[in-house]
1. So how tilted is helix 24-40 from the main axis of the chain? Cα-based, degrees 0 to 90, rounded to 10.
2. With charges only on Cβ, +1 for K and R and -1 for D and E, what is the dipole size of the chain about its Cα centre, in debye, rounded to 20?
3. Once Rh is set to the Kirkwood radius over Cα pairs, what Stokes-Einstein translational diffusion coefficient, in µm²/s, holds for the chain at a temperature of 20 °C and a viscosity of 1.002 mPa s?
4. State which entries of Lys302/Lys440; Lys60/Lys221; Lys271/Lys470; Lys53/Lys470; Lys53/Lys252 exceed 25 angstrom in Cα-Cα distance in the structure shown.
5. Calculate the length of the line joining the C-alpha centroid of region 16-81 to that of region 122-144, in whole Å.
6. Considering all projection directions equally, how large on average is the shadow of the alpha-carbon convex hull of region 97-164, in square nanometres?
7. Any chance you could run the full-extension gain for Thr189 through Ile64? It's 0.36 nm times the residue separation minus the Cα-Cα distance, nm to one decimal.
8. With each label point set 7 Å from Cα along the Cα-Cβ vector, what nm distance links Tyr468 and Ile37?
Amino acid sequence: MLSIVLFTPLAGLLVLLLIPSSRPRLVKLWANIAFFISFLTCVPLVIGFDRTKDFQFVEKADWIPSIGASYSLGIDGYSLLLVVLTGLIGFVTCLSSWNAIDTRLKEYYANFLILQTSMLGVFMARDFLLFFVFWELGLVPMYFIIAIWGGPRRVYSAFKFIIYTFIGSVLMFLGILALYFAHYSEYQTYTFAIPELMRTSISPSLQWWVFWAFFAGFAVKVPMWPLHTWLPDAHTEAPTAGSVILASILLKMGTYGFLRFSLPLLPDAAKDPRVVNVMAVLSLVAIVYGALVCLMQTDWKKLIAYSSVSHLGFCTLGIFALNPAGIAGSILQQINHGISTGMLFLIVGVVYERRHTREISEYGGLLRVMPVFTIIFFITALSSMGMPVLNGFIGEISILQGAYQMSFNWAFWAAVGVALGAAYLIWLFQRTMLGEVSEKNAKLRDLSLREIAVFAPLLVCAFWIGIYPKPFFSVLERPAAQIVERVRPGYYASHHLPNPLTADTAQLSAPR
């Protein structure tokens, strides 16, 4: 089943290549159909998933047996949410591109279909070499998406993106090789299988070095401060669909790496007070710095780009709180960020298609001419700033709870970031939607039915998570508990909490 989900975009690509470039409407139509089918293939995973079990839908076959590499796939609750989010965002971004792109359409959609497969592969892989192949594969189509269909500084931004992420990936691969040879030293067999590497006894000193090698790859991808400087350029110059995919999915590959590999494989290094403090400080700086920079922006898209630095700071802070509330909140907030910030970039794309400028000062009073658009922007802004009944609220509350359990100072500075986030979003809304309408904006058309359809599923998800998050926490409870018990054995017993790994099925519920 996972192979079907994984390779459906590539099957769509093969059909796309057969369509003549002289028929652009048919190219667009098929690309949208392919992405919609890709999303539909994720539905059986949701229906058949058992939240009381670990990795499910497991597939394994020999790939390169001479070096211990296999084609191994599987998903747990964390992977499930990211796979479904990837399917949904892929379809939404494809639909949003209908009028935005009019040159080299086949190449444009082909790159997105390849990118879709690479992202799905990252979240499904249970073999480290397979994971790395998918990880690197995603760099190529994203580079071309920025460099060919981006803004005036697209070549510079694409080059900066590829250099930063490639250097981080090389260092990460050195860490993978260190684990690979450490396993051989202990068991005299070569393997890249992640479950087997989990059994390896790694000395604290080696864990330390491997942790920072992984940090180079994952922190650049997040991106954590001060390795974030490629992100505003890439976001600003990428086409709208590229910015949405980058914010909603690609950045989550970094946080996924920390939770899937850095913590479970390297528990001694991950809970080292020096490491925890460094990661917390970097996260808090990102939260506050990113929000302050947003308040200084004059470019609508660059403001949202820097907001990702701040929002992802919350996610990494929750991860290194090393407790169930922080980790489950971090995972949910990753999903929330994909929904909310994805909508914010789509909103910028809507006005850019009409006015071809992203300068905030060029707008104002859009409520009078685009009321439906304004309502959607208002809901999205509230979602991003974490208002109750919308998705951002429950994620931020869980992270703040986890942070407070570790340190009052962590929770205080994170709360400052929440306040600053509300400030720059309210400021942006006030300057663009309220006030008098200028002559340039007086005849702007409101959202079309297609554009409303782009936002509709994301709005539904935002309200669903905000009003009834229990199903999401139920799916996340077991993977979060496994990570906590791996890093801090006996945590649940010492805190007198029921352990989801041993509790009866009927007792499983949202984190307490």
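Values quoted throughout were computed directly from the atomic coordinates according to the rules given, and no laboratory measurement underlies them. Because the structure is a prediction, the values reported are computed rather than measured. Every residue, glycine among them, receives a Cβ derived from its backbone with ideal geometry; neighbour counts consider all protein chains shown.
1. Long axis of 24-40 versus the principal axis of the chain: about 40 degrees.
2. Working: 34 positive and 27 negative charges, 174 e Å.
Computed about the Cα centre, the dipole is about 840 debye.
3. Translational D for this selection: 93 µm²/s.
4. Those over the limit are Lys60/Lys221; Lys271/Lys470.
5. Cα centroid of region 16-81 versus Cα centroid of region 122-144: 13 Å apart.
6. Values: hull surface 20.2 nm².
So the Cα hull casts an average projection of 5.1 nm².
7. Net length gain for the segment: 43.6 nm.
8. Distance between label points: 3.2 nm.
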